[in-house]
Structure formats: C-alpha cells, structure tokens
Amino acid sequence: MVHRRTDEDFAREIEAHVALEADRLIAEGLSPEEARRTAARTFGNVARARERFYESRRVLWLDELRQDFGYTLRALRRSPGFSAIAIATLALGIGANTAIFSVVNAVLLRPLPYRDPGSLVLIEPGEIGLSPNWATAAWRERARTLDGLAGFNGPRAVTLIHGAEPEVVQATDVTWDFLPFLGVTPARGRGFTQSDATPGAPAVAILSDRLWRSRFASDPAVIGTSVAVSGDTVTIVGVAPPGFRFPTAGAIPAVGLPVDTQPDLLRVTPERQSLNVIARLRADTNATAAGEELLAIYRQAGKAEFTKSLLDRTRVGVAPLQERLVGDLPRLLWLVMGAVTFVLLVACANVANLLLARASTRQRELAVRGALGARRGRIARLLLTESVLLALLGSAGALLVAYASRGLVRTLLAERIAHVGVVPIDWPVLAFNVALAAITGVCCGLAALPGARRINPAGLFSSGMTTVTSRSLLRRALLSAEAAITFVLVVGAALLAQTLWNLTVAPKGFDSDRTLTARVAPGLPLGIRDIDRADPMARSRYFADFFSDLRGQLERIPGVASAGAVSLPPLGGTSAGIVGVRLEGRPAADEETFTPVAFVTPGYLRTMRIRVLAGRDFTEGDRLGAERVAIVNQAFERRFAADGAIIGARIADLDGKGQALYTIVGVTEDVPDRSLRTSPDPLIIAPLAQMPAGFISWGALTFVLRTGDSNPIRLAPEVRRAIWAIDPNIVISEVVTMRERVAAGMRGERDSALLFGLFALAALVMAAIGVYGVAAYAIAQRTKEIGVRVALGAGRRDVRRLVLGQTLTPTLIGVAVGIGAAVLLTRLAASMMYGVTPLDPWTFAVAVAVLVTVALTATWMPARRASRIDPIVALRYE
C-alpha cells in the first residue's frame, strides 16, 4: 500500500533538504545565515517544486483509482455468485426506473415535434371542444393575442378503394394551412394551398408515410393519381414525412374502444365544418389573456347563432397543446415513477446488505491494508469503488432491461399519446441511467464504511476471530427497510388487482360471450343525395330502411344466431339526446338535464341478452305510422318515476306544450354507458324504424351479432364481405368482439394492476434474497456460538428458532413500519380503486402473510443448515 504524502509532509521534506545542506556548509566554515541562503539557492525554486509535487499527486490519485478498479474487477471475478446477485439486483432496480423515465422523457419532457412548440395551445369552447366555423373565422380576423391558428376534425374511419378490395383507413380533415402552421413539409409532392379550400375545387389528399408504404408500396408515381374515399374521388397530391405525428387532441375517447390517433389520410376541411382549433400565442401574452379575448370575440360573433343566456354560460378554454395531448397520463406516470423508486430502494437495501455482509468476511484483508499504512479514507474509497463499479455494471444491464421493455411500457403507458411514436433510449435517458447508477453505487457503498472505521488489526490477529460490530444491527435495519418498502408495493398491487377483479365480476346487464360488433356507416348514395331537400326526412328514411335490411342480411350469415343494431353501444359513451326531459302529468325535471337516446333495431335487446324487467320489447310493428314508443332503463325510472308506475307514461317534448315524443312500453336492466366504474345515466331506447318521426338523425350504427362460435372474430371477414357486397364504399369500423369492448373499458385498471404487480413481485424476489443473505451471514458470524450451544445440549429446533429470529424480527418490524406507510401512501391511488377501500383490512392482512411467508421461506434453508452443524467442526471454524 502506497502512503500518499500530504502538504505538510512535503513542506517538512523541503525543510529537511535545506537544513542538511546548511549544516554541511556550516561545517565547511560558512556562517549560519550565509549557509542558509546558499542552501536555499542551491535547492532551487520552491514554488516549482510544489507544482511538480501537486502534479505527481494527481497522477498518483489516478493511479490509485486505476488500481482500485483493477482490484475490484479481480475480486468480483473471484466471487461470481455475489457479483451476479448484486449486478442482477441493481440491473432490475435501475432498469425499471430507466424504463419508466424513458416514457416520462418521451411524453412529458421532450418538446412537441413542431415549430416553436412552447407557443402552441388548444382552444376549447364549451364542453364539446369543437369550434364552429363562424367562431374560427372571427378569431382569425380579430384576435390580437394569437399569432395564427389552424384546425382539424377527426380522425374518423373512411373506406379507401384503390385496386381490387376496399380498405378502412383513418382520415382527418384539416385547414389548408395546417401543415405549414406546424412547420411540416410533405416528403413528396406538395402541401395544400388556399385554392384547394375554395368551394367546388377538386378534392385532394395527403397520404401518411405509413399508408404510402403499406398500401401503395412506396410508389413515387402515386402523386397525382385518384382514389375513391367513401364514394368521393380524391386526388393524392403529397406524402407526409416519416416522422410526422399528428396532434390528435380530443380524439382519444375516455371510454370505449381506443381509436388509431394517427390518420392515414389528410384532406382539406369543408368550409362549414366545426374544428379542433390549435393556435400559436404571441410572445407577449399568455393563455389566460388569450382565453379572455377569445371568449369576448366568441360571444360577440355568436349573437346571431345562440341565445344570450347560452352565450353567457359559454366558456372558452385555452391550454398548452402538450398538456391537452397527455391528458391525465402525468398523474399515472408520476405514480408509477414513485413505485419504481420504491423498487430501487429495495434493490439498494439488498445490495447494501450484501456489501455489508461481504465486508465482514474481509476483516483480515482490510486489517492488513491498515497495518501497511493505508489510511481509513483510502480503504473507504476502495469500498466505494467496488459498490460504484457494481452499480455501473448493473446500469449496463439496466439499459438492456429498459430496451427490452420499451415496447411494453409504451403499450401500458403511452400508446394512446398522439405525439409519441416510439419511446427512445436517447441521451437524456442514458444520462439518467448513469447518474442513477452513480448515486445508487455511492449509497450502497456507504453501508460498508462503518466496518472500515472500526478495524482493530491487533485484535484481529491476536484472537484470530472476526469481530462482530454494530454492522449486524445495520443489516437488520436495512432488512426492516426492505420489508417496509416491499409491503407498501404488495399492498398497492393487491388493491389494484382487487379493483380489476371487482370490475371483471361487476354486473354489466348484458352477455358479452360469443358476440361480434361492427360499426357501419353507409354514407349517402348518389340517388339519395339528389332528393329534394324540401323533404327533410328522406335521408332518415333511407338510413332506417338500410339498417333494417342489413340486419336481416347479417342474420343469414352461417353461424350467426341473431343480430341487432344500436346507435349507442354499451361502454360507447353518450352523444345524441334530449335536454329537459319530463313525463306528462309529473313535475318537470331540471331543464338542463341531458338524457341520451339510443335507437335500436328489433332483436337488439335479445341479441345482447339485456333483460326487459317490465313491459315489452320492440317488435316489427313499431314502425312509421304506429304509436311512437320507447323503452327506458332502471336509472330513468329511478329519476323520473320513483314510484315505479312508468309503463304507459309519456315522455313530453322539450317545452312540454306539444304532443308527447314517446310512450314508454318497457323497462330494461341498467347497462354501463361510459364506464364500468360509473353508474349508468337515464337512457331512452327508441325503435330505429320510427326515427324519421323524431328529431335526431345520424349515419352510423353498431351491429351486434350473436354467434355459435366461441371465437366470433372468425366471422369478421364474412361480415365485411356481406356488407361490401351491397356497396364497397360503406365504412366498416370497430370490428371487435364484445369481450374486447369490455376489456377496453378496463384497460387502465388492467395495465395499472400489471405494472404494480410486476413491481411488487420484483421487490418480493429481492426481499427474499436479502433475507437469505442476512440469515446466511448471520450463521457464518455465529458458527462458533452455535457450536457451543449444540455442545451444551441445544436441539435443532432451538438452533432454527435462533436463526429465524435473526430475520423474522427485523421483517416484522419492517412490516409494522410498512403498514403505517401504506396507510398514508395508498390514499394517493384512491381514485384508481373500485369496490375496495385504500385501508381494506383483508388486503393488509394478506400482505402481512405474504411478507412473513417469504421471510420464513428464505430463512428456512440457512436455518436447516445451521441446525445440522457439527459442534467439533464449529469450534474449529475460522
């Protein structure tokens, strides 16, 4: 061991050189003063000598660091079991954090991939978020807080015909200046121009890079060709760049099936279409000021469109675009980030325990180093070098973990975020990984330092025994901390798993088994488009007849037992409805109350197996000319007829002065409309065939087919062929089983339960390793003591009890601390739970049982081995 000279050592050395030379000169006859001056002059420049000393010391420091790393690598190779466990543990802990941080970085920290992304905001008037064309025009002309705006609507499914077979793709209508506004230039062809938006101009479109490659085989000659899009001829004028991500704000449904947020086709928006408006704020303003100005303009421009009372209630929201794109995901991301931090803390405690136990077996080595002149700081640096090197090796494995899991974490956390195409392992993620590894290595290494400060070489060599210091207490403290953190993760995972189970078994009011669903939008054929607009019900009659005939055709498909159609499928949200519903002869309800209306074909309730609790189902006789009838759900009955006398009641029109809209002929069981978590809203169900007599119209229905096949998705190709045989321009979207719809409604809960379950499992595995390590090293330290106990008559049960106490006591202490922490922390996830409270006693009891079982299992093998120790061998143990 090389002893490093200090500044004082070097100063005394210089003084000694000068003094020896002065003594020699005095012996030759010079006076002391002259001898001193001559000796200093002979020695030379002291400042230069100090510089050379500092340079040599820096080289020595680097040399010592190189020696430490080399020695550590050799030591780790000599202990492959310890090295593998420590590196794997750190790779798991650091890798989980790196993987989640990569999502946080991609979703929250990286700027949007557009020009000047920080100035982009989304304008949302009212609750629907769409801006009418008159408001957009007024804002573009009068707003002084904005530096331009553009808009879009969609994406929505359309049918693309190019070649033999139609294909359903996603299309979005955009303003002609949308791409230049975002700073995006087509990779091929041209962008939209203002002339493309003039009435009567030929329809043009820009393809996404994905569609260009998949459907058109990357053919450059596609520019200028024409394709059919839902019956309209459209000319392709460009191809978007490969990395372009469309900012689909507001297009991701809160419930129901997720849609593909990246459109395949961009078209110029019709002149009078309502839009999602994206604007750019001026540098000298903010979102609040812009919202106030835009609201004033909206109210002024809307005087000819809405009543004053409605305009007074209108609000215009202005929020940063990135904030609206990510929605509620940041809350989940930070919650998951907190969970993986707990996993890392368990890993740190585990590795620190292993290092501390390893240090207890290196007492002689460290004592020899001290006896040869190594200072305590030098020994401490050696121990820290070992832990940091372990962490850096673990960080390399962590990058592999993060890279391998990037697809999974994107699927679970960021798949529906419009501006995130991939979750990259880029420089910020690499920097985070290395920084986290360095911090982890230092924290783990600090656990071994107390032993290095208490080394007594004389005691070690005189007794030949390993001293037992307070490190045993520190190991137990680390084990308690590990158990406490693991307990919190296990409780959180158990609560989320219960939430998922409760949603799975919750009554749904319908049977999702063996059912296939398909959203069908026929569009308007050329013949119906030419109908005199003086007949406002002509189009409604066309849709009613089309869907009724299509239902019969689908029922004739082999394997289909029954079919029906509905405008608002279960878990599909609500759209069309009536405001101010009331029953004739009963007190009026709140005039602001919105009641959804779903139109169905006969056979829908039977196909879905939705029970009619009172009254009757619809029949083929419920057509135009017959009495207008409706069926309501239980929620409607509870709100409007709590006495239960609702069959035969009549639903009045909006102002209650005209004739009744519907006569109620039945009551059905409640079916979740928006989410499995929330209670269904009051619902009116009306016959499709009587729709023209109403005041609501639409152009799409969801068909539900009950099949005899346990895997109904097999019938999807046959369903598409049957529909496209009528007209290849018909749009068929959302072809999924009803089970998939239900699963989509529970996706957030399923993903959360899976993530936290994986974290809890990882923590349990590391806790088991930690318990085993503590038990094994405790036996190694107390081998002689155990031998003495056995020699004095202790039985195997006594020895096992002794060893179990080494781990079970700190585990129980950790569980007690974990209970207190879980009581506080589980409240943060209360909004994610359903059917279970954050303080559910059974969940806490099961978590306690799991932790204790893991501790007992991990300790059993060391305890069993200790109970079989031969007293003679133990007393000779070194």
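Might you let me know whether region 185-194 holds any residue that is without any contact (Cβ under 8 Å) to a residue 24 or more places away in the chain, of a type outside the set (A, V, I, L, M, F, W, C) and either touching a helix residue (DSSP H, G or I) at 6+ places or on another chain (Cβ under 7 Å) or at positive phi (or both)? Steps first, answer last, please.
Just the residues of region 185-194 that are without any contact (Cβ under 8 Å) to a residue 24 or more places away in the chain, to begin with: 193-194.
Now drop any that are not of a type outside the set (A, V, I, L, M, F, W, C), which leaves 193-194.
After this cut, where a residue has to be either touching a helix residue (DSSP H, G or I) at 6+ places or on another chain (Cβ under 7 Å) or at positive phi (or both) as well, the list is none.
Looking through region 185-194, none of the residues is without any contact (Cβ under 8 Å) to a residue 24 or more places away in the chain, of a type outside the set (A, V, I, L, M, F, W, C) and either touching a helix residue (DSSP H, G or I) at 6+ places or on another chain (Cβ under 7 Å) or at positive phi (or both).
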ask   = Quick one: would you say Ala686 is open to solvent by less than 20 Å² (accessible area, probe 1.4 Å), under 20 Å from Ala157 (Cβ atoms) and in contact with a Lys or Arg (Cβ under 9 Å, 6 or more places away or on another chain)?
value = no
query = Does Gly621 satisfy the criteria of being at positive phi and free of Cβ contacts under 8 Å to residues at least 60 places away in the same chain?
reply = no
Region 820-858, subset open to solvent by less than 30 Å² (accessible area, probe 1.4 Å) and of a type in the set (Ser, Thr, Tyr), residue farthest from Arg747 (Cα to Cα) = Thr843
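Mind telling me which of the residues Ala254, Ala249 ends up being loosely packed, with under 15 Cβ neighbours inside 10 Å and modelled with pLDDT under 90?
Details: Ala249 fails: loosely packed, with under 15 Cβ neighbours inside 10 Å.
When all the criteria are applied, what remains is Ala254.
Filter region 263-273 for residues that are modelled with pLDDT of 85 or more and either part of a loop (DSSP other than H, G, I, E, B) or touching a Phe, Trp or Tyr at 6+ places or on another chain (Cβ under 7 Å) (or both) and give the result.
Pro263, Asp264, Val268, Thr269
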key: Cβ pairs under 8 Å, 6+ apart, first in region 431-443 and under 11 Å from Leu392 (Cα atoms), second modelled with pLDDT of 95 or more and not in a helix (DSSP H, G or I)   = none
note = Within region 130-174, of all residues that are of a type in the set (Gly, Ala, Ser) and assigned to a strand (DSSP E or B), the one farthest from Tyr298 (Cα to Cα) is Ala157
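Part of a helix (DSSP H, G or I), open to solvent by 70 Å² or more (accessible area, probe 1.4 Å), modelled with pLDDT under 60 and not aliphatic (A, V, I, L, M): which single residue out of Arg58, Arg74, Arg50 fits that description?
Working: Arg74 fails: modelled with pLDDT under 60; Arg50 fails: modelled with pLDDT under 60.
None of the other options fit; the residue is Arg58.
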query = Say we look at region 605-655 and pick out the residues that are under 47 Å from the mean Cα position of the chain (by Cα), of a type in the set (D, E, K, R) and not in a loop (DSSP other than H, G, I, E, B); which of these is farthest from Asp670 (Cα to Cα)?
reply = Arg606
message = Just to check your reading of the model, which residue among Thr145, Thr193, Thr172 is open to solvent by less than 10 Å² (accessible area, probe 1.4 Å), of a type in the set (Val, Ile, Thr) and modelled with pLDDT of 90 or more?
response = Thr172
key: Of all residues in region 335-368 being more than 21 Å from Ser83 (Cβ to Cβ) and open to solvent by 10 Å² or more (accessible area, probe 1.4 Å), the one that is modelled with the lowest pLDDT   = Val368
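Each row is one residue, and each column tells you yes or no for (1) part of a helix (DSSP H, G or I); (2) open to solvent by less than 40 Å² (accessible area, probe 1.4 Å); (3) more than 16 Å from Pro522 (Cβ to Cβ); (4) among the basic types (Lys, Arg).
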site	(1), (2), (3), (4)
Leu705	no, yes, yes, no
Ser710	no, no, yes, no
Arg720	yes, no, no, yes
Ile726	no, no, no, no
Val736	no, yes, yes, no
Arg741	yes, yes, yes, yes
Ser752	yes, yes, yes, no
Gly757	yes, yes, yes, no
Ala762	yes, yes, yes, no
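Does region 274-289 include one or more residues that are among the charged types (D, E, K, R), modelled with pLDDT of 90 or more, over 30 Å from Pro570 (Cα atoms) and touching an Asp or Glu at 6+ places or on another chain (Cβ under 6 Å)? Walk me through it before giving the result.
Here is the first cut: in region 274-289, the residues among the charged types (D, E, K, R) are 280, 282, 284.
Okay, now just the ones that are also modelled with pLDDT of 90 or more, so 280, 282.
Imposing the further condition that a residue be over 30 Å from Pro570 (Cα atoms) reduces the set to 280, 282.
Narrowing further to those that are touching an Asp or Glu at 6+ places or on another chain (Cβ under 6 Å): 280, 282.
For region 274-289, residues among the charged types (D, E, K, R), modelled with pLDDT of 90 or more, over 30 Å from Pro570 (Cα atoms) and touching an Asp or Glu at 6+ places or on another chain (Cβ under 6 Å): present.
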query = In region 483-514, which residue that is surrounded by fewer than 22 Cβ atoms within 10 Å (Cβ to Cβ) and among the polar types (S, T, N, Q) is farthest from Ile610 (Cα to Cα)?
reply = Gln498
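What is the residue count in region 550-567 for residues that are part of a helix (DSSP H, G or I) and either closer than 19 Å to Ser733 by Cα or modelled with pLDDT of 90 or more (or both)?
Residues of region 550-567 part of a helix (DSSP H, G or I): 550-555.
Adding the requirement that they be either closer than 19 Å to Ser733 by Cα or modelled with pLDDT of 90 or more (or both) leaves 550-551, 553-555.
Qualifying residue count for the region: 5.
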message = Any residue at all in region 372-387 that's in a helix (DSSP H, G or I), at pLDDT 80 or above, open to solvent by less than 40 Å² (accessible area, probe 1.4 Å) and more than 29 Å from Ala821 (Cβ to Cβ)?
response = yes
request  = Please determine, by comparing only the residues of region 117-126 that are open to solvent by 20 Å² or more (accessible area, probe 1.4 Å) and within 26 Å of the chain's Cα centre (by Cα), which one is farthest from Leu182 (Cα to Cα).
outcome  = Glu124
task = Take the residues in region 276-294 that are out of contact with any helix residue (DSSP H, G or I) (no Cβ under 9 Å at 6 or more places or on another chain) and either assigned to a strand (DSSP E or B) or free of Cβ contacts under 8 Å to residues at least 24 places away in the same chain (or both), then tell me which one is least open to solvent (accessible area, probe 1.4 Å).
result = Asn276
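The values are calculated or read from the model by the stated rules, or taken from the named source; none is laboratory data. Please read all numbers here as calculations on a predicted model, not as lab measurements. Backbone-built Cβ (ideal geometry, glycine too); neighbour counts: all protein chains shown. Remember, those area values only see protein heavy atoms, side chains included, never the ligands or the DNA or RNA. Shrake-Rupley method; radii C 1.70, N 1.55, O 1.52, S 1.80 Å.
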